[in-house]
1. Can you tell me which of (1) over 13 Å from the mean Cα position of the chain (by Cα); (2) within 18 Å of Asp179 (Cα to Cα); (3) not polar (S, T, N, Q) is the one Asp82 doesn't meet?
2. If I filter the range 253-269 down to residues being surrounded by 11 or more Cβ atoms within 10 Å (Cβ to Cβ) and under 16 Å from Ala236 (Cβ atoms), which single residue comes out as nearest to the chain's Cα centre (by Cα)?
3. Restricting to the range 146-166, name every residue that is touching a residue at least 40 places away in the same chain (Cβ under 8 Å) and either assigned to a strand (DSSP E or B) or farther than 15 Å from Gly177 by Cβ (or both).
4. Is it the case, given these coordinates, that Phe149 is among the hydrophobic types (A, V, I, L, M, F, W, C) and modelled with pLDDT under 95?
5. Pull out all pairs, ordered by first then second residue, where Cβ-Cβ is under 8 Å, the residues are six or more apart or on different chains, the first lies in the range 261-280 and is of a type in the set (A, V, I, L, M, F, W, C), and the second is at pLDDT below 90.
6. Contact list please: Cβ distance under 8 Å, first residue in the range 188-217 and within 16 Å of Arg154 (Cα to Cα), second residue among the basic types (Lys, Arg) and crowded, with 20+ Cβ neighbours inside 10 Å, pairs at least six apart or on different chains.
Amino acid sequence: MSDTSRTLRAALERPELVVAPFVYDGLQARLAEAAGFEAAYMTGFGTAAARGLPDLGLLTMSEMVENARTLARSVAIPIVCDADTGYGSPLNVMRTVREYERAGAAALHIEDQVWPKRCGFLEGKAVIPRDEMVSKVRAACDARRDPDFVIIARTDALAPEGWESAERRARAYRDAGADLVFVDGIRSLRDLDTYAERLADLPRLYNGQLLPSREIEQRGFRLMIHTGTLAIAFRAVRDALAELRETGAIRGAGDLRTFAELVTLLGVGAALETEKKYTP
């Protein structure tokens, strides 16, 4: 059984919101942990972007699982993971759940998009029949070996089919055993409030940054995956590289205090002390 799954499940049962920032590598996961977050979210968009690819269903299950493994072994906090559509039929979904569990993830979400899927905020999404997704959710719940492993069911039906369909789907997925439901593609405060009101009786995940986390908590959400770090990191690196190209230097890049913080965060000192024990 996983300590992180048990920790996450206990946190989700509290009234306080769990905020999990987007991360896609071990360094970002360590930064999230050092900042005091009690969970982090492995973004599929970021995982694809880190490999130079768009989030259009181009990564395989094994590539996603390997990144989940990297994040989980980097930190002690729970990692909530994007698992796309589960990568196929209910049988594929069962294998997906078990592979993510073995990798050390604490939770995953699967979605009802047609494969190849695309980022939840892109246009042109299509969804599979509701009953087909219900079967996938049931398979995911049956497949887990750790009863504390959290299964999240995401619907992308809002954009192509509207709120009536999104609500019916979310309720059906919850009835099929999902621990949380997740309506993706929330673009406005009106949609956010509709989401909170129509599904007020269900445990819900919110993906975005339309409001501060305290206001998301007031709307009854259990888990918030925060997208902001992805854009901030992109902009910072883009601007630093442009500055280097234009001026031949990056202001502040030579600050040894920052380097020392990075060395500490990565545990270099502890690793060197351990190495001494085995050095003749």
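The values are calculated or read from the model by the stated rules, or taken from the named source; none is laboratory data. Every value quoted in this text rests on a predicted model; they were computed, and no experiment measured them. So basically every Cβ, Gly included, is an ideal-geometry build from the backbone, and we count neighbours across all protein chains shown.
1. In the conditions (1) over 13 Å from the mean Cα position of the chain (by Cα); (2) within 18 Å of Asp179 (Cα to Cα); (3) not polar (S, T, N, Q), Asp82 misses (1) alone.
2. The selected residue is Leu262.
3. The answer is Val150, Ile151, Ile152, Ala153, Arg154, Thr155, Asp156, Ala157.
4. No, not satisfied.
5. These pairs meet every condition: Val263/Gly269.
6. Going by the 8 Å Cβ cut-off, the qualifying pairs are Tyr195/Arg204; Ala196/Arg204; Pro203/Arg222; Arg204/Arg222; Leu205/Arg154; Leu205/Arg222.
Residue-wise test of (1) in contact with a helix residue (DSSP H, G or I) (Cβ under 6 Å, 6 or more places away or on another chain); (2) at pLDDT 95 or above.
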| residue | (1), (2) |
| --- | --- |
| Ala196 | no, yes |
| Arg204 | no, yes |
| Ile216 | no, yes |
| Arg219 | yes, yes |
| Thr227 | no, no |
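Rundown of residues vs (1) buried (at least 24 other Cβ atoms within 10 Å of the Cβ); (2) on the phi > 0 side of the Ramachandran plot; (3) basic (Lys, Arg); (4) without any contact (Cβ under 8 Å) to a residue 60 or more places away in the chain, yes/no style:
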position: Thr96; (1), (2), (3), (4): yes, no, no, yes
position: Glu99; (1), (2), (3), (4): no, no, no, yes
position: Ala103; (1), (2), (3), (4): no, no, no, yes
position: His109; (1), (2), (3), (4): yes, no, no, no
position: Glu123; (1), (2), (3), (4): no, no, no, yes
position: Ile128; (1), (2), (3), (4): no, no, no, yes
position: Met133; (1), (2), (3), (4): yes, no, no, yes
position: Val137; (1), (2), (3), (4): yes, no, no, yes
position: Ala140; (1), (2), (3), (4): yes, no, no, yes
